[in-house]
1. Between residues in segment 237-252 that are touching a residue at least 60 places away in the same chain (Cβ under 8 Å) and residues that are surrounded by 12 or more Cβ atoms within 10 Å (Cβ to Cβ), which pairs lie under 6 Å by C-beta distance while being six or more apart or on different chains?
2. I'd like the residue in segment 196-211 that is touching a strand residue (DSSP E or B) at 6+ places or on another chain (Cβ under 9 Å) and either assigned to a helix (DSSP H, G or I) or at pLDDT 95 or above (or both) and, out of all such residues, is surrounded by the fewest Cβ atoms within 10 Å (Cβ to Cβ).
3. Taking segment 74-124, which residues are among the hydrophobic types (A, V, I, L, M, F, W, C), touching a helix residue (DSSP H, G or I) at 6+ places or on another chain (Cβ under 8 Å), in a loop (DSSP other than H, G, I, E, B) and in contact (Cβ under 8 Å) with a residue 40 or more places away in the chain?
4. Tell me yes or no: at least one residue of segment 60-67 is in contact with a Leu (Cβ under 7 Å, 6 or more places away or on another chain), aliphatic (A, V, I, L, M), within 18 Å of A10 (Cα to Cα) and surrounded by 19 or more Cβ atoms within 10 Å (Cβ to Cβ).
5. Sort out which residues of segment 134-159 are within 14 Å of the chain's Cα centre (by Cα) and not in a strand (DSSP E or B), and write them in order of number.
6. Any idea which residue in segment 358-384 is surrounded by the most Cβ atoms within 10 Å (Cβ to Cβ), counting only those that are in a helix (DSSP H, G or I) and among the small types (G, A, S)?
7. Among what's in segment 231-268 and is among the basic types (K, R) and either touching a helix residue (DSSP H, G or I) at 6+ places or on another chain (Cβ under 6 Å) or surrounded by fewer than 18 Cβ atoms within 10 Å (Cβ to Cβ) (or both), pick the residue that is modelled with the lowest pLDDT.
8. Of all residues being at pLDDT 85 or above and of a type in the set (V, I, T) in segment 32-47, which is surrounded by the fewest Cβ atoms within 10 Å (Cβ to Cβ)? Just the residue, please.
Amino acid sequence: MTASATDPEALAERVRSRLITLGHPPTPAAVATAVRAEYGSPIGDRTLFTLTARLHAELVGAGPLTALLAEPTVTDVLVNGPQEVWVDRGAGLQRVHCDLGDDTAVRRLAQRLAAACGRRLDDASPFVDAKLPDGTRLHAALPPVAATAVHLSLRTFRPQGFTVDDLVAAGTFTPESAAIARAVLAARLAFLVSGGTGSGKTTLLSALLGEVPADERLVIVEDATELRPVHPHVVSLEARPANAEGAGEIVVRTLVREALRMRPDRIVVGECRGPEIAELLAALNTGHDGGAGTLHANTPDAVPARIEALGLLAGLSRDAVHAQLAGALHVVFHVVRRMPGGGRPGLRMVTAIGVFGVGPDGRVVVRPAWRRDGGPTPGLASLHALLDARGGRR
């Protein structure tokens, strides 16, 4: 065995150069063939398998982070430089040992991941927010934007879809709140799922959309595709960032307008976080019943103010936002993530259901209709009135 054969960096570089010279894509078979050719001495099957897996991950995947991302309980992998890696397995962030090499190696890893997304990451474009081919969300920042080291944030994508019954079994829904949710869907009331980052808004919305009747067409608009409802007729539209020359950008607001022309039975905006809220409110006021979306908010009471702020980004006045909102949205489901400590997984749960209404000052407010810690509230009568007006089941 030659000295260079035992040098993983040198072997990886030779394998990479060989594949580029021959014009071969870095498939596992191609990598295995290149390893045999470049190893420099006879190689056993076990060593070949180990090296092929490692080098394939190094060439096209997340390198040393691949094993962490593959863990079924991991939702986030965060890198704060070569010696600091954190993961979230559902019980909060935990520091783990993962040898990423030096700063140069982490920079190469970040650039390779960005390239896999079709994006550029260098001194001229020192940060990137994109999606890897497997659906994992990537954010990377290079110095000097990142003050001390290269920073990577990876949020895993799990294609498994959950049903409402699954969420009842998991404790996210109670049987009572699940019954309310199903009645809202049957009555085609427009709703939002609110909550903080990582609280489970997308999972909850996806499960609810799976309850929509099979003969309805769902048109889903997202900044990055995450919703995977278990439903036979789903059309997904995904925004596109500008390319390296600054051209080709397609924003969510444009896609919402396009969705209106695609004969939707229900329009869904995966996350309302910009001026696209104006198009969504307009659509829900013009006969497109049963629409839905998610929204970052700390409490259900804060939802109207968040929508007002987004409407201002779209150029709407405060009065115009509330006039549109009053007739557009009906219900909000608020979900939180409770961290029990002790390393046990956190529980994502629907803690409140609210109903939109107009307050004494003419502004839209959210009145509580159900609370997890107290059951039905006076606002439930308003929700029942909405359901009765739509012929919905209670």
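The values are calculated or read from the model by the stated rules, or taken from the named source; none is laboratory data. Bear in mind the structure is a predicted one, so any value in this text is a computation, not a measurement. For neighbour counting, all protein chains shown are included, and Cβ atoms are generated from backbone atoms with ideal geometry for every residue, glycine included.
1. Between residues of segment 237-252 that are touching a residue at least 60 places away in the same chain (Cβ under 8 Å) and residues that are surrounded by 12 or more Cβ atoms within 10 Å (Cβ to Cβ), the close pairs are A244/R120.
2. Step one: list which residues in segment 196-211 are touching a strand residue (DSSP E or B) at 6+ places or on another chain (Cβ under 9 Å), which gives 196-205, 208-209.
Now narrow it down to the ones that are either assigned to a helix (DSSP H, G or I) or at pLDDT 95 or above (or both): 201-205, 208-209.
Values: K201: 26, T202: 18, T203: 23, L204: 25, L205: 26, L208: 24, L209: 22.
Residue satisfying both the conditions and the ranking: T202.
3. V74
4. no
5. To start, the set of residues in segment 134-159 that are within 14 Å of the chain's Cα centre (by Cα) comprises 134-139, 153-159.
Once the filter is applied, which keeps residues that are within 14 Å of the chain's Cα centre (by Cα) and not in a strand (DSSP E or B), segment 134-159 yields D134, G135, T136, T156, F157, R158, P159.
6. First, the residues of segment 358-384 that are in a helix (DSSP H, G or I): 380-384.
Now narrow it down to the ones that are among the small types (G, A, S): 381-382.
Details: A381: 12, S382: 16.
Among those that are in a helix (DSSP H, G or I) and among the small types (G, A, S), it is S382.
7. Pass one, segment 231-268, residues among the basic types (K, R): 240, 253, 257, 261, 263, 266.
With the extra rule that they be either touching a helix residue (DSSP H, G or I) at 6+ places or on another chain (Cβ under 6 Å) or surrounded by fewer than 18 Cβ atoms within 10 Å (Cβ to Cβ) (or both), the set shrinks to 240, 253, 257, 261, 263.
On the way: R240: 84, R253: 92, R257: 92, R261: 93, R263: 94.
It comes out as R240.
8. This residue is T33.
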